[in-house]
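The values are calculated or read from the model by the stated rules, or taken from the named source; none is laboratory data. A quick note: this is a predicted structure, and the numbers were derived from the prediction, not measured. Glycine gets a Cβ as well: all are built from the backbone with ideal geometry, and neighbour counts include every protein chain shown.
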Amino acid sequence: MPTISADDSCNQNIQLSAELIASLFTEIGQPRVEILSVPGGKPAVVARYPAPGGQPTILLYAHHDVQPVGDPDDWTNPAFEPIERDGRLFGRGTADDKAGVVAHLAALRAHDGQPPIGVTVFIEGEEEIGSPHLRQFLIRYQDKLSADIILLADSQNYDLHIPSLTTSLRGTTSCIVEVRTLDQDVHSGTYGGPTPDALTALCRLLATLHDEDGNTAIKGLLTANAGALDYSEERFRSESGVVPGVHLLGSGPIADRLWRKPAVSVLGIDACPVDETSNVLKAHARAKVGLRVAPGDDAIRARQALARHLVANAPWGVEVTVTEGSASQPHAIEPTGAAFDAARIALRGAYGEDAVEIGAGGRDLGNQRRRGPQLASSRAKRKRRTHGPRKCLPI
Ligand SMILES: [Zn+2]
């Protein structure tokens with residue numbers, strides 16, 4: 001089902017998807033199944049099995065909306081026609097996050113719809129656009145959603161047959177930096193030489209964000225304690241698609257660089273498109289700089305550190321204006337206690353392997369579209385760019 005939450009022409013599909021999911025949970029015996037929303041929000045499914053006397057309640061989360069398809073020509077088969085390869089099913093949204101819906105269904109089926117504890121299933125419909133109504137939704141329906149334990153099935157395993165508990169998220173924030181060097185654009189033949197153009201000045205400024213090894217060079221950012229997982233460079237290269245010969249950035253173990261250290265990137269630049277250039281020195285240019293914030297740091301403080309860096313490192317005395325973007329906090333949990341004990345026993349029983357602890361990239365606040373998890377591993381994941389028409393397909 002093409003349930004693309006970023007495309008309002010898919011709203012009907014998201015409604016149909018919610019109805020299908022509600023019917024699936026009703027079929028397996030969840031006694032209280034509802035499709036709920038708040039004004040302006042996409043429909044979510046909440047299915048509740050009340051806790052037998054004295055038992056705790058677990059909330060199982062997944063989402064039924066998906067990312068846009070991007071350029072259909074980049075797909076080897078139509079995005080919304082599932083295809084099986086080597087015993088695994090591929091298609092847009094199959095892993096992220098309709099597999100989460102199926103996992104919760106399967107868990108309830110395994111108990112013939114009568115689990116020994118209370119179970120509330122919450123299937124959201126707008127995760128891929130940053131859950132703009134989630135806060136409102138939680139406030140409005142808190143009586144239906146309150147639980148002793150929350151389990152989110154919206155991450156990945158460390159490897160195919162290794163079960164994983166995601167215990168930390170990096171935070172995220174951004175700044176837009178604008179550089180002005182001239183009152184107006186001028187001709188390069190007449191003024192080139194002594195005149196700094198804004199784009200070159202901006203490039204020099206952006207180049208100060210990393211040190212020679214590719215580590216983040218912004219002063220004052222924290223790094224979380226190192227983890228134990230060995231994430232090989234070979235595997236990372238294969239999964240990320242970094243072009244052979246291109247150096248990886250930063251130092252230290254790959255897992256730490258991915259999950260426990262800050263990471264700064266240039267997300268976009270506004271300047272003259274190459275095809276429209278003439279011999280003109282640009283007066284003005286701007287860029288959006290994204291910053292992933294390590295667990296344990298504060299996203300607002302980190303954003304301020306980035307803004308200070310951009311002002312302090314302006315080359316040639318050029319005028320720099322920084323607009324700070326939204327920020328979402330990093331998060332780390334201490335994975336101990338009865339719920340984690342139970343999860344480890346269950347995962348070990350199902351996989352025959354001990355669960356490992358991993359981190360993830362974290363999510364954006366507001367309406368910014370998330371660009372996918374840090375460990376995007378499939379070809380489809382890498383092709384999340386949304387160039388080309390984003391047309392919603394009928395079901
Ligand atoms: Zn997801």
For region 48-100, what are the residues that are among the aliphatic types (A, V, I, L, M), within 11 Å of the ligand (Cβ to nearest atom) and touching a helix residue (DSSP H, G or I) at 6+ places or on another chain (Cβ under 8 Å)? ALA62, VAL66
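Provide a single number: the residues in region 133-190 that are in a loop (DSSP other than H, G, I, E, B) and among the polar types (S, T, N, Q). First the steps, then the outcome.
If we filter region 133-190 for residues that are in a loop (DSSP other than H, G, I, E, B), which is where we start, we get 133, 141, 146-148, 153-158, 160-161, 163, 170, 181-185.
Narrowing further to those that are among the polar types (S, T, N, Q): 146, 155-157, 181, 184.
So the answer is 6.
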Does GLY349 count as touching a helix residue (DSSP H, G or I) at 6+ places or on another chain (Cβ under 9 Å) and either more than 19 Å from THR223 (Cβ to Cβ) or at pLDDT below 95 (or both)? no
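Looking only at region 259-298, count every residue that is in a loop (DSSP other than H, G, I, E, B), within 15 Å of SER328 (Cβ to Cβ) and either in contact with a Lys or Arg (Cβ under 7 Å, 6 or more places away or on another chain) or free of Cβ contacts under 8 Å to residues at least 24 places away in the same chain (or both) and tell me the total. Please lay out each step first, then the result.
Step one: list which residues in region 259-298 are in a loop (DSSP other than H, G, I, E, B), which gives 260-262, 271-273, 277-279, 282-283, 294-298.
Add one more test, that the residue is within 15 Å of SER328 (Cβ to Cβ), and what stays is 262, 294-298.
From what is left, the residues that are either in contact with a Lys or Arg (Cβ under 7 Å, 6 or more places away or on another chain) or free of Cβ contacts under 8 Å to residues at least 24 places away in the same chain (or both) are 262, 294-295.
Residues in region 259-298 being in a loop (DSSP other than H, G, I, E, B), within 15 Å of SER328 (Cβ to Cβ) and either in contact with a Lys or Arg (Cβ under 7 Å, 6 or more places away or on another chain) or free of Cβ contacts under 8 Å to residues at least 24 places away in the same chain (or both): 3 in total.
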List pairs: first in region 58-77 and farther than 30 Å from ASP143 by Cβ and of a type in the set (Asp, Glu), second more than 16 Å from the ligand (Cβ to nearest atom) and not in a strand (DSSP E or B), Cβ under 6 Å, 6+ apart or cross-chain? ASP71/HIS387; ASP71/GLY388; ASP74/LYS383
HIS247 vs. criteria touching a residue at least 24 places away in the same chain (Cβ under 8 Å), surrounded by fewer than 12 Cβ atoms within 10 Å (Cβ to Cβ) and under 30 Å from the mean Cα position of the chain (by Cα): yes
Could you figure out which of (1) touching a strand residue (DSSP E or B) at 6+ places or on another chain (Cβ under 6 Å); (2) part of a helix (DSSP H, G or I) isn't true of ARG301? (1)
Of (1) outside any loop (DSSP other than H, G, I, E, B); (2) more than 23 Å from the chain's Cα centre (by Cα), PRO78 satisfies all except one. Which? (1)
From the residues in region 152-195 that are farther than 24 Å from ASP297 by Cα and among the hydrophobic types (A, V, I, L, M, F, W, C), which one is surrounded by the most Cβ atoms within 10 Å (Cβ to Cβ)? VAL179
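Restricted to region 37-61, and to residues that are part of a loop (DSSP other than H, G, I, E, B) and under 15 Å from PHE25 (Cβ atoms), which residue is farthest from the chain's Cα centre (by Cα)? Show your work before the answer.
In the first step, residues of region 37-61 are kept if they are part of a loop (DSSP other than H, G, I, E, B); the result is 37-43, 50-56.
After this cut, where a residue has to be under 15 Å from PHE25 (Cβ atoms) as well, the list is 43, 50.
Values: PRO43: 21, PRO50: 32 Å.
Only one residue tops the list, namely PRO50.
Of all residues being within 17 Å of the chain's Cα centre (by Cα) and among the small types (Gly, Ala, Ser) in region 146-172, which is farthest from ASN225 (Cα to Cα)? Just the residue, please. First the steps, then the outcome.
We begin by selecting, within region 146-172, every residue within 17 Å of the chain's Cα centre (by Cα); these are 152-158, 165-172.
After this cut, where a residue has to be among the small types (Gly, Ala, Ser) as well, the list is 153, 155, 168, 171.
Numbers: ALA153: 25, SER155: 21, SER168: 11, GLY171: 15 Å.
Top of the filtered list is ALA153.
Restricting attention to region 191-240, which residues are of a type in the set (Asp, Glu), closer than 22 Å to ALA263 by Cα and assigned to a loop (DSSP other than H, G, I, E, B)?
Step one: of region 191-240, the residues of a type in the set (Asp, Glu) are 197, 211-213, 230, 233-234, 239.
Restricting the remaining residues to those that are closer than 22 Å to ALA263 by Cα gives 211-213, 230, 233-234, 239.
Within region 191-240, ASP211, GLU212, ASP213, ASP230 meet the criteria.
Can you find a residue in region 19-30 that is of a type in the set (A, V, I, L, M, F, W, C), within 16 Å of the ligand (Cβ to nearest atom), under 24 Å from LEU138 (Cα atoms) and over 19 Å from the mean Cα position of the chain (by Cα)? Give the steps one after another, and end with the answer.
Of the residues in region 19-30, the ones of a type in the set (A, V, I, L, M, F, W, C) are 20-22, 24-25, 28.
From the residues that got through so far, the ones that are within 16 Å of the ligand (Cβ to nearest atom) too are 21.
The next check asks that each one be under 24 Å from LEU138 (Cα atoms); those that pass are 21.
Subset that is over 19 Å from the mean Cα position of the chain (by Cα): 21.
Yes, region 19-30 contains a residue that is of a type in the set (A, V, I, L, M, F, W, C), within 16 Å of the ligand (Cβ to nearest atom), under 24 Å from LEU138 (Cα atoms) and over 19 Å from the mean Cα position of the chain (by Cα).
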Can you tell me how many residues in region 13-38 are in contact (Cβ under 8 Å) with a residue 60 or more places away in the chain and either crowded, with 20+ Cβ neighbours inside 10 Å or not charged (D, E, K, R) (or both)? 14
Tally up the residues in region 107-165 that are within 30 Å of PHE236 (Cα to Cα), away from the ligand (no atom under 15 Å from the Cβ) and in contact with a helix residue (DSSP H, G or I) (Cβ under 8 Å, 6 or more places away or on another chain), please. 4
